[in-house]
1. Here's a check for you: in the range 1-24, which residue that is of a type in the set (A, V, I, L, M) and part of a loop (DSSP other than H, G, I, E, B) is farthest from residue 43 (Cα to Cα)?
2. Need pairs with beta-carbon distance below 7 Å; first residue closer than 22 Å to residue 99 by Cβ and within the range 58-83, second hydrophobic (A, V, I, L, M, F, W, C) and surrounded by 11 or more Cβ atoms within 10 Å (Cβ to Cβ); sequence gap 6+ or separate chains.
3. Output yes when any residue across the range 26-33 is assigned to a helix (DSSP H, G or I) and closer than 30 Å to residue 96 by Cβ, and no when none is.
4. Out of all the residues in the range 32-49, which are surrounded by 13 or more Cβ atoms within 10 Å (Cβ to Cβ) and over 17 Å from the mean Cα position of the chain (by Cα)?
5. Going through the range 59-106 one residue at a time, which ones are modelled with pLDDT under 85, outside any helix (DSSP H, G or I) and more than 28 Å from residue 44 (Cβ to Cβ)?
6. If you go through the range 1-31, how many residues are under 28 Å from the mean Cα position of the chain (by Cα), surrounded by 14 or more Cβ atoms within 10 Å (Cβ to Cβ) and aliphatic (A, V, I, L, M)?
7. Out of all the residues in the range 49-58, is one or more of a type in the set (A, V, I, L, M) and touching a Ser or Thr at 6+ places or on another chain (Cβ under 8 Å)?
Amino acid sequence: MGIALPFLLRAIIDDSLPNGDLRLLALLAGSLIALACFGTVIGALQVAVTSRVGQAIMHDLRVRVYAHLQSLSLGFFTTTRTGEVQSRIASDIGGLQALAPTPPAS
């Protein structure tokens, strides 16, 4: 798609404008508009898929962490400070969330 744009512009400048061919100009301009619309649709789909995958990764990670915490013995929680466990979970998941693609806040 990116390769087609310069060729279309070249055809407009070199062929349709000097020859006064309005039909060719309209066809080439329409092609430029169609390519721009197609690129926008592809970009939106890419963002949607990336966001969905990122959210699925983060959901799976949170579920696994929660399941692991539930499997720990009571002795772990009595010997470890509560704030330390919460801080570690928040920082670990926050760090991974920075790597996983997520949608922008709206």
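1. So the first thing to find is which residues in the range 1-24 are of a type in the set (A, V, I, L, M), and the list is 1, 3-5, 8-9, 11-13, 17, 22, 24.
Keeping just the survivors that are part of a loop (DSSP other than H, G, I, E, B) gives 1, 3.
On the way: 1: 12, 3: 17 Å.
Of everything passing the filter in the range 1-24, 3 is farthest from residue 43 (Cα to Cα).
2. Short answer, once both residue conditions are applied: 58/100; 61/93; 61/96; 62/93; 65/89; 65/93.
3. Taking the range 26-33 first, the residues assigned to a helix (DSSP H, G or I) are 26-33.
With the extra rule that they be closer than 30 Å to residue 96 by Cβ, the set shrinks to none.
Scanning the range 26-33 turns up no residue that is assigned to a helix (DSSP H, G or I) and closer than 30 Å to residue 96 by Cβ.
4. Scanning the range 32-49 gives 32, 35.
5. 80, 81
6. At the first step, the residues of the range 1-31 found to be under 28 Å from the mean Cα position of the chain (by Cα) are 1-6, 31.
Checking which are surrounded by 14 or more Cβ atoms within 10 Å (Cβ to Cβ) leaves us with 5, 31.
Checking the rest, the ones that are also aliphatic (A, V, I, L, M) come to 5.
Residues flagged as under 28 Å from the mean Cα position of the chain (by Cα), surrounded by 14 or more Cβ atoms within 10 Å (Cβ to Cβ) and aliphatic (A, V, I, L, M) within the range 1-31 amount to 1.
7. Here is the first cut: in the range 49-58, the ones of a type in the set (A, V, I, L, M) are 49, 53, 56-58.
Next, only the ones that are touching a Ser or Thr at 6+ places or on another chain (Cβ under 8 Å) stay: 58.
Scanning the range 49-58, I find at least one residue that is of a type in the set (A, V, I, L, M) and touching a Ser or Thr at 6+ places or on another chain (Cβ under 8 Å), so the answer is yes.
The values are calculated or read from the model by the stated rules, or taken from the named source; none is laboratory data. Bear in mind the structure is a predicted one, so any value in this text is a computation, not a measurement. Neighbour counts are summed over all protein chains in view; Cβ atoms, including those assigned to glycine, are modelled from backbone coordinates with ideal geometry.
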